[in-house]
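Working notes, structure below.
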Protein chains: 2
Amino acid sequence: MLNFTFQNPTKIIFGKGTVSQLAEQVKPFGTRVLLVYGGGSIKRTGLYDKVIEQLKSIDAAVFELPGVEPNPRVTTVRKGIDICRKEDVQLILAVGGGSVIDAAKAIAVGVPYEGDVWDFFERKAQPASALPLGTILTLSATGSEANGNFVISNWELKLKRGSGSQHAYPRFSILDPELTYTVPREHVVNGIVDMMSHVFEQYFSKTPNTPLQERFCESILQTVIENAETALAKPTDYDARANIMWCGTMALNGGQISLGMQGDWATHEIEHQVSAIYDIAHGAGLAIIFPNWMKYVYKERVDRFVQYATRVWNIDPAGKSDEEVALAGIEATREFFTRIGAPATLSDVGIGDEHLDQMAAEAVRFGPIGQFKELHQEDVKEILRMSL
Amino acid sequence: MLNFTFQNPTKIIFGKGTVSQLAEQVKPFGTRVLLVYGGGSIKRTGLYDKVIEQLKSIDAAVFELPGVEPNPRVTTVRKGIDICRKEDVQLILAVGGGSVIDAAKAIAVGVPYEGDVWDFFERKAQPASALPLGTILTLSATGSEANGNFVISNWELKLKRGSGSQHAYPRFSILDPELTYTVPREHVVNGIVDMMSHVFEQYFSKTPNTPLQERFCESILQTVIENAETALAKPTDYDARANIMWCGTMALNGGQISLGMQGDWATHEIEHQVSAIYDIAHGAGLAIIFPNWMKYVYKERVDRFVQYATRVWNIDPAGKSDEEVALAGIEATREFFTRIGAPATLSDVGIGDEHLDQMAAEAVRFGPIGQFKELHQEDVKEILRMSL
């Protein structure tokens, strides 16, 4: 186990009807609020009206930034920063999934920064402070509701990049599983793949002596796998939706489940290059790439893949070599993704081999990626090629 | 899963040599520090000197409250409150195990309170604020380093009572597994029993639909069980000590592993009555009572005990009834406690049947206890009788 420091200040308010606690959560921060949301589904579901009613009850001045994209753009972030500065906003309230929350985080750290917010993604600057941020989560996926990470796309430069800061943790996040009932099936599927991928990035590690952390990871994976099909078949099954929601948050709760472990995160980096060019959903990209990453790297530490196969997928090791067990676990992962309706190949989402070199080059722009196995440009290209 | 709200503000600094980060952690809170510690082992091990060196490096004015008892007394807490008020202390620094940290928490909430600190334990008042508190943990056991709970004894009244407050969470806690190398074996054993008991209090619950929470609990129990004997046999085995330490913190990290579950906590309440009168170690009392509580209540929900037996103890259910599997898990618990050297009966620690009625009456002074099975005075007496 490596040394670590951990602090997660986010207050989680979880359960049925918890949007009714919004006003009391907002009030300590002030009453000038920027409401950030996406394509308008919150208006169709009535959530928008509930939020406005809560904010009206404390006489809040509400400014709005609608239309945050699924892969949120830096242009949208800049718009939000302008509104905050012009209107002296005191709290940013993100209502949506990971994209909306990520955009709100970038706005929050961008407001007090004198330069352009893209500097954070170019690693030219680090956030030194942030406007307070609260969230209402409507889609279980990224864990952004309880961590300091955010990913933004720059469409002009065809770049999708992540940043992170202790200042970007939401002050509070309201998680009501009922709000996820109306999410389109495809997004639920992508969210499930995304949270499982977050666990994979932490779990496939070479750091020795981390038994509790490994079990926490396995706990989340098993619980997601057990609840996913019910959550998809019966969108109003509270229990299944609540379990999936809590798994999504804990999967990337500031990295708490894997403290003291070195994470990998190469697959996320590779996927970002695909969705930067093709604007596909992050979860879809991960579903395509992750099993191929696994096949490419598993020999680095077969024992961890054997543990994954036996503990998470209940693969019976009797009569099999370690390699066979490991490969059976990887195969089970692919089969599960396919069973819940995720794509398996880049061609499934209409992507050919035109930009493999460009994507591979961009993935390693700051040097080789990955800790479980260090990947160079040619490795990334091969994983993408396996994903065609 | 029940609705819940969770926020744990404690910053955890974990690993080898992390005491060297003390000065930078203290500084933001000020330089007038009350150093709270126990019987002086920190002087023998050299930790005291390291702490003083760190505090001197920021020119801190250090006041001391040594001699905190294993079951810390309210009289000691009152002394600490007096020092803080007289010397305008800005930060309380607890260096020790759960008792020292609990005393420091009671001091922290007591300083700004106008009445007597015992009011909090009589439920006459609730803490409204607190002096900032930092900790350096030297014994893995209570989880007090990362939660808002504290237990204090009133020797004149022969009472031992708990309180808790969001204000009592440490601002930072330094956890260096190497600091536990010199802890006497008996305390290590008691600590292991204590952290397992914390998990039991959360895990044996009737709240439906909490699969992730149950797995988190099982993860901690399995990891403690796997590491306990090595940690005891080789006190300087960093890996084992680190795993035990992290398990102890996560076992009662503000109740995070069991969010949305109703906890039981009857056994803690019963044990407090025993150690209030006999001043035995909390962990010793828990080791004696918990398996008897299990035997007394398991029929309330045999399935949870079957799950415990099979997942945590790998009991093979083949050819056994559910009751037999459940009882085998309880028996495995007792055997494990005995194997690591914990006492099994009250007579093992020199306690007879003289005060059973008094202890049972005091345990239910605020009404029946326990959620898994509601216990009245006669139930508590029977569990104590089974423990003789």
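The values are calculated or read from the model by the stated rules, or taken from the named source; none is laboratory data. This one's a predicted model, so the numbers in the text were calculated from it and none came from an experiment. Cβ sites come from the backbone with ideal geometry, for glycine too, and all protein chains shown count toward neighbours.
Observations, loosely collected:
- Counting only strands (runs of 3 or more DSSP E) that sit completely within the range A:132-189, those holding 1 or more residues that are farther than 17 Å from A:P9 by Cβ, among the polar types (S, T, N, Q) and in the same structural domain as A:G39 (by TED's automatic domain parsing) correspond to A:149-154, A:159-164.
- In the range A:200-213 there is at least one residue matching the filter, namely being surrounded by fewer than 19 Cβ atoms within 10 Å (Cβ to Cβ) and charged (D, E, K, R).
- Filter pass, A:F305 being of a type in the set (F, W, Y), touching a residue at least 12 places away in the same chain (Cβ under 8 Å) and under 17 Å from A:I351 (Cβ atoms): no
- Residues (part of a loop (DSSP other than H, G, I, E, B) and of a type outside the set (F, W, Y)) located in the range A:191-224: A:S205, A:K206, A:T207, A:P208, A:N209, A:T210
- When residues of the range B:278-313 are limited to those that are acidic (D, E) and modelled with pLDDT of 95 or more, the one surrounded by the most Cβ atoms within 10 Å (Cβ to Cβ): B:E300
- Within the range B:64-80, residues that are without any contact (Cβ under 8 Å) to a residue 40 or more places away in the chain and not assigned by TED's automatic domain parsing to the domain that holds B:G285 sit with their Cβ atoms under 6 Å from residues that are of a type in the set (V, I, T) and part of a helix (DSSP H, G or I), at 6+ positions apart or across chains, in these pairs: B:V68/B:T76; B:V68/B:V100.
- Within the range B:14-60, being under 19 Å from B:P177 (Cβ atoms) and of a type in the set (D, E, K, R) holds for B:K16, B:R44, B:K50.
- Of the listed requirements (1) assigned to a loop (DSSP other than H, G, I, E, B); (2) within 25 Å of A:S163 (Cβ to Cβ), A:E354 misses just one: (2).
- Qualifying residue in the range B:232-242 (condition: more than 10 Å from chain A (Cβ to nearest Cβ), in a helix (DSSP H, G or I), touching a residue at least 40 places away in the same chain (Cβ under 8 Å) and surrounded by fewer than 19 Cβ atoms within 10 Å (Cβ to Cβ)): yes
- Those strands (runs of 3 or more DSSP E) lying entirely in the range B:1-94 with at least 1 residues more than 21 Å from B:S129 (Cα to Cα), under 22 Å from the mean Cα position of the chain (by Cα) and within 14 Å of chain A (Cβ to nearest Cβ): B:4-14
- Cβ pairs under 6 Å, 6+ apart, first in the range B:321-349 and loosely packed, with under 14 Cβ neighbours inside 10 Å, second modelled with pLDDT under 95: none
- Flag for A:I192 being surrounded by 24 or more Cβ atoms within 10 Å (Cβ to Cβ) and under 23 Å from A:D303 (Cβ atoms): no
- Filtered by the rule that a residue be crowded, with 22+ Cβ neighbours inside 10 Å, out of contact with any strand residue (DSSP E or B) (no Cβ under 7 Å at 6 or more places or on another chain), under 15 Å from A:H272 (Cα atoms) and not β-branched (V, I, T), the range A:363-384 gives A:G370, A:L384.
- Conditions (1) under 19 Å from the mean Cα position of the chain (by Cα); (2) within 14 Å of chain B (Cβ to nearest Cβ); (3) within 23 Å of A:R334 (Cβ to Cβ): number failed by A:E214: (1)
- Which numbered condition B:D316 misses (of (1) crowded, with 24+ Cβ neighbours inside 10 Å; (2) in a loop (DSSP other than H, G, I, E, B); (3) not basic (K, R)): (1)
- From the list A:D82, A:D102, the one residue that fits, being buried (at least 23 other Cβ atoms within 10 Å of the Cβ), at pLDDT 95 or above and among the charged types (D, E, K, R), is A:D102.
- Candidates B:A360, B:A309, B:A328, filtered to the one that is in a helix (DSSP H, G or I) and under 26 Å from B:S163 (Cα atoms): B:A360
- When the range A:110-130 is filtered for residues that are out of contact with any Ser or Thr (no Cβ under 6 Å at 6 or more places or on another chain) and crowded, with 23+ Cβ neighbours inside 10 Å, the ones remaining, listed by number, are A:G110, A:A130.
- From the list B:A228, B:A281, the lone residue that is under 30 Å from B:G17 (Cβ atoms) and more than 14 Å from the chain's Cα centre (by Cα) is B:A228.
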